């Protein structure tokens, strides 16, 4: 945990933190002078567009799932480096950075999940559930930051980085196994990608419920 200039405590206790933090420090060290935090933000947006293109093209050829996976790596780099680079160079703009970072994250998620939903990989309704789960966790994060100055972006050792890794693994599984459809008790055929994405959605909603109940109890106990 570290106290930030925005007067909140930032918690990012993720499973891959031991690998991610040194990597980001190294990337900050070797970043050229022309690479600014805003540059990294645009790289993150570009990554989201690459993901979207990969999913749409994968409707006709699953090999394009590798393009989508590459997009997740690009998006991780840009999204993780914008704030890291600002802190490394001590050029933080707390309010601007906070606002732009999370607005762009929301737009990026919309682009990615819209592309996934209009592809033939998953049902649009299931893709929409993934976006809803993401937005609910985001709402919890922003509200907790407001009520007790704790900005927590990891839940149960899982954060945005781990979610990206899980989805890359899903892309890999679907590429090698194909994307067959299966009948269900609801008489709706679901694809393999549907089932795997439902697993991710389950994690999002479970973490939302746990985080909401835990925070509510803490605030009630403290009389706040």
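The values are calculated or read from the model by the stated rules, or taken from the named source; none is laboratory data. This one's a predicted model, so the numbers in the text were calculated from it and none came from an experiment. Positions of Cβ are backbone-derived with ideal geometry, glycine not excepted, and every protein chain shown enters the neighbour counts.
Below is a table of values for the structure above.
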read-out	value
Cβ-Cβ under 7 Å pairs, at least 6 apart or on other chains, segment 1-19 side modelled with pLDDT of 60 or more, far side in a loop (DSSP other than H, G, I, E, B) and surrounded by 15 or more Cβ atoms within 10 Å (Cβ to Cβ)	10/4; 11/154; 12/153; 12/154; 12/159; 13/154; 14/154; 14/159
Condition met for residue 35 (over 14 Å from residue 164 (Cα atoms), part of a loop (DSSP other than H, G, I, E, B) and either in contact with a strand residue (DSSP E or B) (Cβ under 8 Å, 6 or more places away or on another chain) or touching a residue at least 12 places away in the same chain (Cβ under 8 Å) (or both))	yes
Selection from segment 215-224 of residues that are exposed (fewer than 11 other Cβ atoms within 10 Å of the Cβ) and assigned to a helix (DSSP H, G or I)	216, 217, 220, 221
Within segment 198-214, tally of residues that are surrounded by 13 or more Cβ atoms within 10 Å (Cβ to Cβ) and under 14 Å from residue 131 (Cα atoms)	7
Top-ranked residue of segment 139-168 - restricted to ones that are touching a helix residue (DSSP H, G or I) at 6+ places or on another chain (Cβ under 6 Å) and assigned to a strand (DSSP E or B), ranked as nearest to residue 183 (Cα to Cα)	155
Subset of segment 10-27 [buried (at least 17 other Cβ atoms within 10 Å of the Cβ) and part of a helix (DSSP H, G or I)]	20, 24, 27
Some residue of segment 69-85 being assigned to a helix (DSSP H, G or I) and without any contact (Cβ under 8 Å) to a residue 12 or more places away in the chain	no
Residues of segment 86-138 that turn out to be in a helix (DSSP H, G or I) and closer than 30 Å to residue 32 by Cβ, as a count	22
Pairs where the first residue, in segment 118-143, is surrounded by fewer than 15 Cβ atoms within 10 Å (Cβ to Cβ) and the second is assigned to a loop (DSSP other than H, G, I, E, B), C-beta under 6 Å, 6+ apart	120/59
Residue, nearest to residue 129 (Cα to Cα), within segment 180-197, restricted to residues that are touching a strand residue (DSSP E or B) at 6+ places or on another chain (Cβ under 8 Å) and part of a helix (DSSP H, G or I)	195
Single residue of 182, 176 found to be surrounded by fewer than 13 Cβ atoms within 10 Å (Cβ to Cβ) and closer than 20 Å to residue 51 by Cα	176
